[in-house]
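To start, the structure under review is shown below, and the notes come after it.
Derivation of every value follows stated rules applied to the coordinates shown; laboratory data play no part. Small disclaimer: the values here were computed from a predicted structure and weren't measured. Don't worry about glycine lacking a Cβ; one is built from the backbone with ideal geometry, like all the others, and counts go over all protein chains shown.
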Amino acid sequence: MALLTHPNDRERVGKVLQEVLSRPNVPTSCTFRGLHYAGHYIWLQCTFTNMFHEPDINAIVCNFLDVTEHKLDQEKIDRQNKQLQSVLENITDGFIVLDQNMCYTYANHQYGKILKVAPDSLIGRNIWEVFPDKVDSAAYHAIQTAFKQQKYFCNEGFYAPLNLWQENRQTPAI
């Protein structure tokens, strides 16, 4: 098996097999690259089960599934997410994403810089709990309308607690 496993995955697969040997009849899964008969590597999802205790089997049973397409799709998605993350973190505007409950699911570092808070501290919190003084403001109504009507809204206003003039652009994402 070692010669058929990609060199970068051999150590990890070896550890999994050691675990399998120590746990009879307990299925253990692992994803790794294996050598295809045509000479290239493919991604395999394998479930190993130690069946040495069964006299009629006396082996490690391996069930393989080719997950190459899924793995390549996931790598593409990961690259796109990193690219998008880079864009959002490098724009000069504060940028947030709110869920349907008006809770933060994302805040870029510029937004945190504007508010003088760590962006991660906002995740999961309701925007109106963070800014209770903004309830019933123009910004509040613009956000509510954008969500309800699923259309773009823009408003300007001054936020005295931060001595900040702001232009807020609400773009609903379905």
Any idea what diffusion coefficient segment 2-73 gets from Stokes-Einstein, in µm²/s, Kirkwood Rh on alpha carbon pairs, 10 °C, 1.306 mPa s? 124 µm²/s
Ranking Leu122, Leu162 by Cβ neighbours within 10 Å, fewest first, what do you get? Leu162, Leu122
How big is D, in µm² s⁻¹, for segment 91-170 by Stokes-Einstein at 25 °C and 0.890 mPa s if Rh is the Kirkwood radius over C-alpha pairs? 189 µm²/s
Over 5 Å intervals from 0, what percent of Cα-Cα pairs in segment 6-48 sits in each interval? 5, 23, 27, 22, 13, 7, 2
If you add up the charges near Gln18, with Lys and Arg at +1 and Asp and Glu at -1, over every other residue whose beta carbon is less than 13 angstrom from its beta carbon, what do you get? +2
Under the rule of -39500 (n - 2.57) per DSSP H run of 4 or more residues, summed and divided by the residues of the chain, what mean residue ellipticity at 222 nm is obtained, to the nearest 500 deg cm²/dmol? -10500 deg cm²/dmol
Exposure-ranked with fewest Cβ neighbours within 10 Å first, Phe131, Phe158 stand as Phe158, Phe131
I'm a student and want to see the number: the projected area of the Cα convex hull of segment 130-174, averaged over all directions, in nm². 3.3 nm²
Relative contact order computed over the chain (Cα-Cα under 8 Å; 6+ residues apart), in percent: 10 percent
How big is the convex hull of the Cα atoms of the chain, per residue, in Å³? 194 Å³
DSSP-assigned coil residues among trypsin sites (Lys or Arg not before Pro) in segment 102-149, each with at most 14 further Cβ atoms within 10 Å: Lys116, Arg125
Using alpha carbons only, how many degrees (0 to 90, rounded to 10) separate the axis of helix 68-90 from the longest principal axis of the chain? 30 degrees
Please give the residues of segment 154-174, grouped as numeric ranges, whose backbone N is less than 19 Å from a label point set 7 Å along the Cα-to-Cβ vector of Asp93. 154-159, 164-174
